[in-house]
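The values are calculated or read from the model by the stated rules, or taken from the named source; none is laboratory data. Please read all numbers here as calculations on a predicted model, not as lab measurements. Methodologically, a virtual Cβ is constructed for each residue, glycine included, from the backbone with ideal geometry; neighbour enumeration extends over all protein chains shown. Each accessible area value is taken on the protein alone, full model and side chains, heavy atoms only, with ligands, DNA and RNA left out. Shrake-Rupley method; radii C 1.70, N 1.55, O 1.52, S 1.80 Å.
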Amino acid sequence: MSYYLDVILPLPLERYFSYKINAAEAEFIKPGMRVAVPFGKSKLYTGIAVEVRENISVAYEVKDIEFVIDEAPILDKDQIRFWEWIASYYLCSVGQVMKASLPKSLLLESETTIQAHDDASLDQSDLTDHEYLILEALEHRQALKVDDITLLLDRKTVLPILKKMLAKKLIILQEELNNTYKSKTERYIQLAPIYSDEEQLKELLDSMTRAHKQREVLMTLFMMSAGKKSVKSKELEKRAGVSRAVLKSLIDKEILEETEQEVSRMLMEAQAGNDLYELTLQQQEAYTGIKNAFVKDKVCLLHGVTSSGKTEIYVKLIEEYLAQGKQCLYLLPEIALTTQLIGRLQYYFKHRVLIYHSKYSLNERQEVWTHVLEAKEPYVIIGARSALLLPFVQLGLIIVDEEHETSFKQFDPAPRYHARDTAIILGKMKAAHILLGSATPSIESYYNTTVGKFELVELKKRYGNILMPEINVIDIKEKHRKKRMTGHFSDTLIEAMTQVFNDKEQVILFQNRRGYAPIMECNTCGHAPQCPNCDVSLTVHQHRAQMRCHYCGFHTFIPKECAACSGTALDTKGFGTEQIEAEFKEIFPNQKIARMDLDTTRGKYSYENLIEQVENREVDCLVGTQMLTKGLDFRHVSLVGVLNADAMLNFPDFRAHERCFQLLTQVAGRAGRTLKRGTVLLQSYNPHHMILQQVSTYDYKTMFKEQLEERYQFKYPPYQRLIRITFKHRDYTTTLNAGQWFVGALQQIEEGVEVLGPEFPPVSRVRNLYHVHVIVKLGKTHAPETIKGFISRVKKSFESIKQYRAVRCNIDVDCY
Ligand code: ADP
Ligand code: ZN
């Protein structure tokens with residue numbers, strides 16, 4: 001009898017590959033175990049075993065597997081079914097889903113690069129000969145590929161050795177540069193050791209009679225450090241009422257010593273207490289509504305206005321499922337922007353909170369994988385979309401918070417899945433309940449509640465019955481005419497801000513563009529500097545004295561004269577957060593402002609620091625891009641100003657109005673959350689625009705009705721499905737021809753299915769590649785499987801055409 005194993009390879013292959021195995025292996029191997037297999041000329045890959053079969057017939061020469069990596073499966077059979085669903089729905093290979101799912105450390109392959117672990121030493125007594133050889137080689141070379149090690153040991157089966165070494169923390173996998181998320185650290189301060197001697201200390205204090213502030217610092221440090229070795233620098237500054245400069249001078253004089261200490265993320269120190277809040281009556285009702293939907297096995301959409309306490313309801317639910325021994329998955333659009341929420345959950349659930357973050361180290365990600373798989377305890381896993389791909393067992397509840405957020409859709413690479421939609425499938429497969437939550441639900445989800453597919457539960461009031469902020473629209477065309485503008489600030493906005501600062505409260509300003517200005521133009525000839533790699537103009541970044549491309553990162557200096565005509569009269573057009581920051585400093589020289597956008601949050605813990613500054617009221621105003629809309633919960637923000645509400649309305653996209661409503665409502669929701677009613681001022685050139693009216697009256701339902709009507713008329717989701725096929729190539733004509741060929745081949749598609757394009761998108765060249773889109777629109781009467789099958793076949797023929805071999809072709813199902 002011969003035995004064969006079907007294996008998933010982490011590659012864009014259409015089907016599983018079969019390998020020969022012996023009888024013992026056939027007995028031992030279970031689906032979900034990793035096996036190392038050869039593929040191509042001499043490459044070794046980690047694959048996942050799917051099924052052992054006895055006799056097969058395949059058209060290729062069947063090779064032997066190299067060896068079995070695991071003793072037990074690293075995922076269960078259901079998981080493979082789930083992968084298969086994603087692959088078939090989103091038109092990609094199961095291998096691509098596998099690759100997106102497994103933490104890289106579980107995916108050892110020829111090209112994987114390893115390094116010695118910092119703590120590993122050749123003197124360790126427990127090293128095997130192989131381990132010794134590898135570590136020794138790593139003393140001479142910084143890093144080695146798995147392939148190099150195969151040569152070094154002169155044996156093929158190195159992966160199990162490496163796997164053991166990873167577990168023993170002798171080696172680590174090299175991570176891509178810039179991709180490691182540094183843990184948050186905090187500065188701690190203490191007295192230099194020589195002053196532990198009382199005499200020395202007394203002398204020091206006596207010598208400081210004239211340095212009042214420094215003395216004050218030392219006295220405060222005394223008070224605070226009773227029984228402790230060191231105290232937080234920040235706290236010392238605050239308590240002593242001095243600036244950082246005073247601390248700094250003491251450190252420079254070597255009177256104080258400062259150290260940075262890591263604040264551990266995985267298991268943050270349990271803070272005192274873990275009482276959950278009592279739900280209010282309306283929250284209790286919503287909670288009951290959600291439970292009723294779950295009893296009916298329905299997906300529940302929680303539509304709760306900003307600050308209605310949705311999070312508290314999630315927490316109650318999570319508590320309940322954990323108590324039943326079930327796992328909970330809490331999906332968020334962008335985990336990096338949720339330190340406040342994570343803090344809250346860790347406060348309640350302590351070590352049972354697991355965070356899955358693509359920027360965490362591989363070890364940490366693998367740890368979460370293992371915890372989830374072994375499920376020794378019920379956990380709540382918080383993560384952005386990729387957390388959905390963890391190997392869940394006993395999953396009880398999935399919460400998709402801010403379900404309307406478009407970042408739930410994976411854009412590149414495949415699988416291009418929508419985490420909300422895919423979560424619903426996962427829930428069905430695992431018999432887990434699903435809760436979607438938002439203050440501004442997506443049209444699609446809300447539509448599903450109107451046709452009975454989802455249950456709707458509403459929270460219409462804020463916690464504490466605080467009124468929703470009052471939203472006023474300011475006509476800036478009028479203000480300009482009457483000369484009532486100072487830069488981009490209307491007199492109304494300035495007055496309101498002045499009042500807030502007088503009341504010692506805070507302001508949030510929203511401008512959804514970063515940088516200083518998106519365009520710099522020559523007054524004489526009209527030339528505007530463009531990115532050499534992309535079809536966009538370069539954004540001026542005054543702060544770094546650069547012109548930058550927001551698509552590819554290209555940057556150059558800010559020109560003094562026009563590159564085309566040498567004219568020196570250069571003007572900027574449009575404005576971004578930097579310009580608002582600069583204008584603010586002119587108008588309010590005595591107030592402090594901080595900026596929150598991609599440019600200011602790249603650094604190690606800059607995002608956390610910004611939030612802390614606002615929470616500690618170290619800044620009076622926070623200006624930022626859409627990052628501001630992501631669930632921030634500040635207590636003292638009483639005014640939100642939107643500098644220009646129009647930019648978002650004019651996007652050439654069928655979701656532009658919906659998105660504008662969502663963004664503005666969310667940013668407005670940052671005002672007046674806990675103490676008293678807040679105010680929102682929306683500056684606009686089109687104050688009578690429907691969407692602005694709907695935002696200012698919190699009229700979600702009218703917005704929904706009107707948008708739905710438009711979707712119906714113009715054949716968009718939820719009435720039709722969209723599949724976008726993208727072609728990319730360096731050459732303009734080749735790209736366009738490729739699109740044309742594809743459209744031609746799609747002519748045979750079912751009747752009633754629309755094929756649009758080929759068309760260049762608004763930014764038609766990015767990183768020197770031209771982009772061309774073809775859109776397929778199908779109605780609800782068409783079987784999506786048939787259409788998708790057809791498109792896949794066309795793609796396959798396309799890929800076999802020689803002249804298009806270098807054209808990249810992507811399919812995006814339910815594209816955004
Ligand atoms: P949402 O997620 O709906 O925007 P949050 O859950 O952030 O609202 O709640 C807003 C604020 O109200 C938070 O500071 C939260 O702690 C507080 N809050 C909500 N519900 C309660 C409750 N039942 N008891 C005490 N505080 C609550
Ligand atoms: Zn560019």
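For segment 65-210, give the magnitude of the charge dipole about the Cα centre (Cβ charges: +1 Lys/Arg, -1 Asp/Glu; no others), in debye to the nearest 20.
Dipole magnitude for segment 65-210 comes out near 680 debye.
Please arrange LEU509, LEU279 by accessible surface area, largest first, computed with a 1.4 Å probe and ligands excluded.
Ranked from most to least accessible, the order is LEU279, LEU509.
Rounded to a whole number of µm²/s, how large is the Stokes-Einstein D of segment 43-180 at 10 °C and 1.306 mPa s, given Rh as the Kirkwood radius over C-alpha pairs?
Diffusion coefficient, whole number: 93 µm²/s.
How about LYS560: which aspartates and glutamates have a C-alpha closer than 14 Å to its C-alpha, ignoring those fewer than 8 places off in the same chain?
Within reach: GLU521, ASP571.
Quick one: grab the alpha carbon gyration tensor of segment 287-438, order the square roots of its eigenvalues as a ≥ b ≥ c, and give me rounded if a/c is under 1.5, else prolate or oblate depending on whether a/b is larger than b/c.
Verdict is rounded for segment 287-438.
Before anything else, pin down the relative contact order of the chain: Cα pairs under 8 Å, at least 6 apart, normalised by residue count, whole percent.
10 percent
List the lysines whose alpha-carbon lies under 19 Å from that of LYS156, not counting same-chain residues fewer than 8 positions away?
LYS20, LYS41, LYS43, LYS63, LYS145, LYS164
Grab the eigenvalues of the alpha-carbon gyration tensor for segment 472-566, scale each by 5, take roots, and send me the semi-axes largest first in whole angstrom.
34, 18, 12
Report the one residue of ALA671, TYR3, ILE723 whose Cα lies farthest in the direction of the positive end of the charge dipole of the chain (charges on C-beta: Lys and Arg +1, Asp and Glu -1; origin at the Cα centre).
ILE723
Can you tell me the alpha carbon radius of gyration of the chain divided by the globular rule-of-thumb value 2.2 N^0.38 Å?
Scaled against compact globular proteins, the figure is 1.05.
Rounded to two decimals, what ratio of Rg to Rh does segment 544-583 give with C-alpha atoms and a Kirkwood Rh?
1.00
List the trypsin sites (Lys or Arg not before Pro) within segment 748-801 that DSSP assigns to loop and that have no more than 16 neighbouring Cβ atoms inside 10 Å.
Taking segment 748-801 and a limit of 16 other Cβ atoms within 10 Å, the loop trypsin sites (Lys or Arg not before Pro) found are ARG767, LYS780.
Can you pull the Rg over Rh of segment 648-719, Cα-only, Kirkwood?
So for segment 648-719, dividing Rg by the Kirkwood Rh gives 1.02.
Treating only the Cα positions of segment 377-429 as identical point scatterers, give the base-10 log of I(q)/I(0) from the Debye formula at each q in 0.22 Å⁻¹.
-0.86
Residues in segment 747-784, backbone N under 17 Å from the label point at GLN530 (7 Å along the Cα-to-beta-carbon vector): list them, ranges by number please.
Once the point is set 7 Å along Cα→Cβ of GLN530, 760-772 turn out to lie under 17 Å by backbone N, inside segment 747-784.
Among THR209, ILE355, GLN340, which residue has its Cα positioned farthest towards the positive end of the charge dipole of the chain, with +1 placed on the Cβ of Lys and Arg, -1 on the Cβ of Asp and Glu, and the dipole taken about the Cα centre?
Selected residue: GLN340.
Compute all pairwise cysteine Cβ distances in the chain, then list the cysteines with no distance under 4.7 Å to another cysteine.
Cys with no partner Cβ under 4.7 Å: CYS92, CYS300, CYS328, CYS552, CYS621, CYS660, CYS809, CYS815.
What does the accessible area of TRP741 come to, in Å² to the nearest 10, when a probe of 1.4 Å is used?
About 80 Å², ignoring ligands and nucleic acids.
Sort HIS351, HIS771 from largest to smallest accessible area, using a 1.4 Å probe on the heavy atoms of the protein chains.
Descending order: HIS351, HIS771.
Using θ = phi - 60° and the Karplus form 6.51 cos²θ - 1.76 cosθ + 1.60, what ³J(HN,Hα) does each residue of segment 783-788 get, whole Hz, x for Gly and Pro?
Each residue's phi maps through the Karplus curve to give 6, x, 4, 5, 4, 5 Hz.
Stretched out fully, how many nm does the piece from VAL393 to ALA59 gain, at 0.36 nm a residue minus the Cα gap?
Values: separation 334, 0.36 × 334 = 120.24 nm, distance 3.69 nm.
So the extension gain works out to 116.5 nm.
So what are the radius of gyration and Dmax for the Cα set of segment 31-109, in Å?
13.1, 34
Residues in segment 7-38, backbone N under 16 Å from the label point at LYS796 (7 Å along the Cα-to-beta-carbon vector): list them, ranges by number please.
12-17
If you build the convex hull over the alpha carbons only and average its shadow over all orientations, what do you get for segment 544-611? Give it in nm² to one decimal.
6.5 nm²
For segment 458-546, which trypsin sites (Lys or Arg not before Pro) pass both filters: DSSP loop (anything but H, G, I, E, B) and at most 11 other C-beta atoms within 10 Å?
Of the trypsin sites (Lys or Arg not before Pro), the ones in loops of segment 458-546 whose Cβ has at most 11 other Cβ atoms within 10 Å are LYS482, LYS483, LYS504.
Translational D (Stokes-Einstein, µm²/s) of segment 102-166 at 37 °C and 0.692 mPa s when Rh comes from the Kirkwood sum over C-alpha pairs?
271 µm²/s
Post the alpha-carbon centroid distance, segment 489-517 to segment 536-594, in whole angstrom.
Between the Cα centre of segment 489-517 and that of segment 536-594, the gap is 20 Å.
Take the Cα of GLU257, step 7 Å along the line toward its Cβ, and report every residue of segment 204-246 whose backbone nitrogen sits under 15 Å from that point.
Answer for segment 204-246: 229-231.
Note down the magnitude of the dipole of segment 63-121 about its Cα centre, charges +1 on Lys and Arg C-beta and -1 on Asp and Glu C-beta and zero elsewhere, to the nearest 20 debye.
The dipole magnitude comes to about 360 debye.
How big is the shadow of the Cα convex hull of segment 298-361, averaged over all directions, in nm²?
5.5 nm²
List every residue whose amide H lies under 5 Å from the amide H of THR572, counting only residues 5 or more places away in sequence or on a different chain, with H placed 1.01 Å from N in the peptide plane.
So THR572 has HN proximity to GLU521.
Hey, which aspartates and glutamates would be in cross-link range of LYS291, C-alpha to C-alpha under 20 Å, not counting anything within fewer than 8 residues on its own chain?
GLU278, GLU312, GLU319, GLU320, ASP401, GLU402, GLU403, GLU455, GLU458
Please list, short to long, the whole-number percent of alpha-carbon pairs of segment 759-809 in consecutive 5 angstrom bins beginning at zero.
That works out to 4, 16, 19, 20, 19, 15, 7, 1, in percent per bin.
Cα extents of segment 494-621 along the three principal axes, largest first, in whole Å?
52, 34, 19
Could you give the size of the charge dipole of segment 463-579 about its Cα centre, using +1 on the Cβ of each K and R and -1 on the Cβ of each D and E, expressed in debye and rounded to the nearest 20? Walk me through the intermediate numbers first.
Details: 13 positive and 12 negative charges, 41 e Å.
Charge dipole of segment 463-579: 200 debye, to the nearest 20.
On a full-extension model of 0.36 nm per residue, what is the gain between THR209 and GLU750, subtracting their alpha-carbon distance, rounded to one decimal in nm? Before the final figure, lay out each step's value.
Details: separation 541, 0.36 × 541 = 194.76 nm, distance 8.99 nm.
Here the segment from THR209 to GLU750 would lengthen by 185.8 nm.
For the residue pair LYS585 and SER358, what label-to-label distance in nm results when each label sits 7 Å from Cα along the Cα-to-beta-carbon direction?
3.4 nm
Of all DSSP beta bridges in the chain, what percent run antiparallel (nearest 5)?
55 percent
Leaving ligands and nucleic acids out of the surface, order THR572, THR781 by accessible area at 1.4 Å, largest first.
Descending order: THR781, THR572.
Mind jotting down the three principal axis lengths of segment 381-462 based on Cα atoms? Whole angstrom, largest first.
That gives 36, 30, 27 Å along the principal axes, largest extent first.
Compute the Cα gyration tensor for segment 428-489, then decide on rounded, prolate or oblate, letting a ≥ b ≥ c be the square roots of its eigenvalues: rounded whenever a/c is under 1.5, prolate when a/b is larger than b/c in the other cases, and oblate in all that remain.
Cα axes put segment 428-489 in the prolate bin.
When each pair of different Cα atoms in segment 459-526 is counted once in the 1/r mean, what is the Kirkwood radius in angstroms, to one decimal?
Values: mean 1/r = 0.0639 Å⁻¹.
Value: 15.7 Å, from the Cα pair sum.
What do you get for Rg/Rh over segment 663-816 if you use C-alpha atoms and the Kirkwood form of Rh?
1.13
Considering only DSSP states other than H, G, I, E and B, which chymotrypsin sites (Phe, Trp or Tyr not before Pro) in segment 489-548 qualify as loop sites with at most 10 other Cβ atoms within 10 Å?
Sites meeting the loop and neighbour criteria: none at all.
Over the residues of segment 557-686, compute the C-alpha Rg and express it relative to 2.2 N^0.38 Å.
1.23
Could you calculate the contour length gain from THR498 to GLU334, that is, 0.36 nm times the residue separation minus the distance between their Cα atoms, to one decimal place in nm? Walk me through the numbers on the way to the answer.
Numbers: separation 164, 0.36 × 164 = 59.04 nm, distance 3.33 nm.
Difference between extended and current length: 55.7 nm.
For a Förster distance of 41 Å, can you work out the FRET efficiency between the beta-carbons of ASP475 and GLU235, rounded to the nearest 0.05?
Values: r = 47 Å, r/R0 = 1.14.
The pair ASP475/GLU235 has a calculated efficiency of 0.30.
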